[in-house]
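One structure is given below, encoded as structure tokens.
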Amino acid sequence: MGRISASIQQYRVFILLCLILYLVKLGFCIGDLDVTRIDAERKALVKFKQGLTDPSGRISSWNGEDCCKWGGVTCNNRTGHVVELKLRNLAYSDSLNGDGTVQSLGGKIDPSLIVLQDLNYLDLSMNDFGGAQIPSFIGSLQSLRYLNLSGANFAGTLPPNLGNLSRLSYLDLSNRMVNSNQSSIHWLSGLSSLKYLDLGGWDLTMSAAYWLQTINRLPSLLELHFPYCHLSNLPLTLPSVNFTSLLVLDLSNNGFNSTLPHWLFNLTSLIHLDLNSNNLHGAVPDEIANLASLKKLDMSLNSIGGQLSRHFGQLCNLQSLKLSANKFTGEITDVVDSLSRCSNSSLDTLDLGYNELTGSLPDSLGHLQSLRYLRLWNNLFGGSIPHSIGNLVALEQIFLSNNGMSVIPESLGKLSMLTVLGISENKWEGVITEAHFMNLSSLKEVSIYKKSPNITLVFNISSDWIPPFKLTYVDIRSCQLGPKFPAWLKNQTELTTVVLNNAMISDTIPEWFLNLDLQLDRIDLAFNQLSGRVPNSFKFNNGATVKITTNKFEGRLPLWSSNITMLYLMDNEFSGPIPPDIGDVMPLLSDLDLSYNSLNGSIPKSIGKLSELLTLVISNNVLSGKIPNFWENMPNLYIVDMSNNSISGTIPISMGSLSFLEFLVLSDNNLSGELPSSLKNCSHIVSLDLGDNKFTGKLPAWIGESMPTMLILRLRSNSFTGNIPAQFCELSNLHIMDLSHNSLSGQIPHCIGNLSGLKSELTDIDTGRYEGKLEIVTKGRMLLYANTLYLVNSLDLSNNNISGEIPVELTDLIKLGTLNLSMNHLTGKIPGKIGNFERLETLDLSINKLSGPIPPSMSSLTFLNHLNLSHNNLSGEIPTANQFQTLNDPSIYQGNVGLCGTPLSNDCGESGQKTPRGDEEEEDEDGGALEKLGFIISIVIGFFVGFWGVFGTLAIKDSWRTAYFGFADRVMRTCLLKFRRMFVPERHPWMM
């Protein structure tokens, strides 16, 4: 037995040794295998690097055998395998580092990365892969827990195999700068461990019907970001809500067209809710109080309306409340009172701007002492800024612009942390003193001005006062700062924007202001009484604006640095020529306005070098010479106004290269010749004003064919001949057509009723960006329209040789305000439907050959205040109803010998000129019919009596019978001829 036991023991030892040797061998094999895998991972990274573009050398450290030491690569300390790849572009905010080198990686992502099977963290965010598809092999990296490809310029569609990444807890594919293809998100339902999800910017239209049900299958989700995803469908209900742990919900910029959904208020853990820029409407339900954990709430840029819910005041954890650009009405007192009672309020942002809120700001506003940003602009608030505003010691920015507020309290001067004071466009009145700014030591930007130009706010500040602040931006308009240039600006050495517009300053620009040596972005001294010469010593930053319009500056035009893009010098007393090198000295000019000065000489050819020019306004000077032929180099020019000068010659053919031209105003010059056909290439013309020149030839038909957006066509006072082209009827947007004072002939086209623009009313938005002026003959005189030009609907064909009748189709232009057809050769009657003109104020048909009565429907022209029907062939009684009771000047009817009645001296009853109307006409017609009927009966009776009187004799004696029938035949022929002439007009249509 002992011998057997020893043998068994020896056997066991042998087996154990074999096992140990096997495990040692296996370990060596596994080690060899790991070495092989690590080498494969290194080679995959090298291949990945070779496919990338790396202009700044961010991965230039990827050399050597140990890839775990490479920048952005992290390995497992135990196994040595690559587990993290962090290549986020940390300089993405401006895409450039300090030396101007591009930081973004680009190129192609090599699929060899699939060997990184232990990779659990992949971050390629904020790079630029040029709109490439997200590589599908990423869905095979089963160990991934963190995937961030945001902002890396991927496009195409979302790869569905990303749903295989069952361990994924963080997924950010947001890419808001790329137009992606429509993608499905069914695959998301498999990511049950997902806690963070951001697909912002991807087109999820295909998923609009089921996206919420898919999200409801992600019970671990803490943050959901779906902005800019084209999710037009927002379900109002869910059978059950499974993602109740959600902390952040961002559904902004999707275009939802619904009310706020009920399930939203079950997400009681929400800290951040962003629903801005949708089309949500209706009221905010009281259940908003359920979201007591909310710290940030943004529902701005929607259509939510009604009273502000008082339950907002119960959200005491709020740090940011943004409800701007909605339709909220009523006062805010209850909400602010409630918020002010929160014991630990941390509200730092209150944004209720762009609503319809009314009333005064409550004193309780001053109790929100954590407030840093207050935005209540563009509402209907009135009254005073509350005195308690001085308690908001943390306030950094205040925006109250565009309301109806009137009083600025001195307590505003206590806000030592305030950097931005934006209280423009109100009804401010009273006096501003040093006390209003006493402690504003942090102030950088101030904007104070009124809605109207009437000045009721006065700055009463001592000339030796030294402010505690250093401003960079000052914008004060329609307030009294003058008459002296404000001396409190003497120490403001950091200014970049200076706007002192309509400030009642009647001074010169002081030397001390020039000595500040400012680098300006903008200077606006318009609408003052500043005089003297404008110094050339101003310095400007790139893209600067100079506006010194409507002053009394004199001398030669100043020229500044090449950085200026907008230069407005209009309405001063500048003289001499436009500098010939203006296009060389200021080559970046986009807007140039030199109008209403006394500039002479010719237009400099160097203006043709201004390739960035958008607007060129040099009207109302004494410029002469020809229009230069330099227009090919200004492809974006959309305004050219050279009106009211002494420019001669023809319009250059090269002006036809201005394909974006919208306003061409060359009126009141000495231009001649025919209009060049090249202008038909200017297909975006909105206003074409060539009036008061010497143009000849026929009206070009291509105006109607090539300029469909035209609103204003003014060709008056030229020498155009021929007919009005029927193609003009295609100008369906036209609101002003003035072809008067030419030599046009032919008839008014019957298609004139197609001018549908004269059947509607414009808004100030429709008139485009050019605040030009236009003279229009209306109400019997020439009137200048500027800001109200969009209200004018006018058709003026007066003083031509137009003949024929007034087409009845003209009365379809129901919104016409002025109709002037005077001094032509029009015939026929005034159309009976002339009463269709709903808005007609001026009607001038004088000096024509019109006949017939004044149509009764003209009495319905209730807006008519100027009428001239003189010197025609009109007849009958002048109507007396409605507006005709006020049109009592006899001269407007003179020269019509057939007219009678008030206000003319000839009475219709005495003169017998009264036109038969009504029952009298019917009585006359009935009387005439009876007379004709009696005449017929007498003929018949006489015929039968005579017939029977002689019938017997005729029957007996043949000779009498023959003579009688011959006579009777002659009598009957005579009677029938008279009967025919009596009852049948000679020119009745059926006889012709």
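Values computed for the structure shown
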| item | result |
| --- | --- |
| Some residue of region 169-191 being in a loop (DSSP other than H, G, I, E, B), charged (D, E, K, R) and more than 33 Å from the chain's Cα centre (by Cα) | no |
| Residue check, L599 in a strand (DSSP E or B), touching a Phe, Trp or Tyr at 6+ places or on another chain (Cβ under 9 Å) and more than 20 Å from T496 (Cβ to Cβ) | yes |
| Selection from region 453-493 of residues that are under 17 Å from F527 (Cα atoms) and β-branched (V, I, T) | I455, T456, V458, V474, I476 |
| Residue list for region 533-582, restricted to those being assigned to a loop (DSSP other than H, G, I, E, B), within 23 Å of M504 (Cβ to Cβ) and touching a strand residue (DSSP E or B) at 6+ places or on another chain (Cβ under 6 Å) | R533, V534, T549, M570, N572 |
| Near pairs, Cβ below 8 angstrom, 6+ apart or cross-chain, from region 363-386 (at positive phi) to any residue that is polar (S, T, N, Q) | N378/N355; N378/S401; N378/N402; N378/N403; G383/S360; G383/S406 |
| Count - residues of region 47-58 that are at pLDDT 90 or above and either basic (K, R) or under 20 Å from Y121 (Cβ atoms) (or both) | 4 |
| Qualifying residues in region 741-775 (those that are among the β-branched types (V, I, T) and at pLDDT 70 or above) - the one farthest from T721 (Cα to Cα) | I752 |
| Tally, over region 624-655, of residues that are touching a residue at least 40 places away in the same chain (Cβ under 8 Å), more than 13 Å from C682 (Cβ to Cβ) and either out of contact with any strand residue (DSSP E or B) (no Cβ under 8 Å at 6 or more places or on another chain) or not in a loop (DSSP other than H, G, I, E, B) (or both) | 1 |
| Top-ranked residue of region 315-333 - restricted to ones that are of a type in the set (G, A, S) and assigned to a loop (DSSP other than H, G, I, E, B), ranked as surrounded by the fewest Cβ atoms within 10 Å (Cβ to Cβ) | A325 |
| Number of positions in region 219-239 that are out of contact with any His (no Cβ under 7 Å at 6 or more places or on another chain), assigned to a loop (DSSP other than H, G, I, E, B), of a type outside the set (A, V, I, L, M, F, W, C) and in contact (Cβ under 8 Å) with a residue 24 or more places away in the chain | 8 |
| Hits in region 423-447 (condition: crowded, with 20+ Cβ neighbours inside 10 Å, of a type outside the set (F, W, Y) and in contact (Cβ under 8 Å) with a residue 40 or more places away in the chain) | S424, I432 |
| Check on N233, within 28 Å of S143 (Cβ to Cβ) and either in contact with a Phe, Trp or Tyr (Cβ under 8 Å, 6 or more places away or on another chain) or of a type outside the set (V, I, T) (or both) | no |
| Residue list for region 423-442, restricted to those being polar (S, T, N, Q), in contact with a helix residue (DSSP H, G or I) (Cβ under 7 Å, 6 or more places away or on another chain) and not in a loop (DSSP other than H, G, I, E, B) | none |
| Pairs with Cβ under 6 Å, 6+ apart, first in region 505-523 and touching a residue at least 24 places away in the same chain (Cβ under 8 Å), second among the aromatic types (F, W, Y) and assigned to a strand (DSSP E or B) | L520/F540 |
| Wholly within region 656-714, strands (runs of 3 or more DSSP E) carrying at least 1 residues that are acidic (D, E) and in contact (Cβ under 8 Å) with a residue 40 or more places away in the chain | 687-689 |
| One residue from L357, L365 being closer than 20 Å to S300 by Cβ and under 33 Å from the mean Cα position of the chain (by Cα) | L357 |
| So L821, is it assigned by TED's automatic domain parsing to the domain that holds Y893, of a type in the set (A, V, I, L, M), buried (at least 22 other Cβ atoms within 10 Å of the Cβ) and modelled with pLDDT of 95 or more | yes |
| Any hit, region 868-876, residues being in the same structural domain as E805 (by TED's automatic domain parsing), under 49 Å from the mean Cα position of the chain (by Cα), more than 29 Å from K815 (Cβ to Cβ) and surrounded by fewer than 17 Cβ atoms within 10 Å (Cβ to Cβ) | no |
| Residue that is assigned by TED's automatic domain parsing to the domain that holds N148 and either touching an Asp or Glu at 6+ places or on another chain (Cβ under 8 Å) or modelled with pLDDT of 90 or more (or both), where the choices are D39, D34 | D39 |
| Enumeration of residues in region 272-292 that are part of a loop (DSSP other than H, G, I, E, B) and either surrounded by 18 or more Cβ atoms within 10 Å (Cβ to Cβ) or basic (K, R) (or both) | L275, N276, S277, N278, L280, V284, L291 |
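Yes/no per residue for (1) of a type in the set (D, E); (2) buried (at least 16 other Cβ atoms within 10 Å of the Cβ); (3) modelled with pLDDT of 95 or more:
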position: S648; (1), (2), (3): no, no, yes
position: M655; (1), (2), (3): no, yes, yes
position: S667; (1), (2), (3): no, yes, yes
position: S677; (1), (2), (3): no, no, yes
position: L688; (1), (2), (3): no, yes, yes
position: G697; (1), (2), (3): no, no, yes
position: T709; (1), (2), (3): no, no, no
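The values are calculated or read from the model by the stated rules, or taken from the named source; none is laboratory data. What you see is a predicted model; the values in this text were computed from it and never measured. FYI the Cβ positions are ideal-geometry reconstructions off the backbone, even for glycines, and counts take in every protein chain you see.
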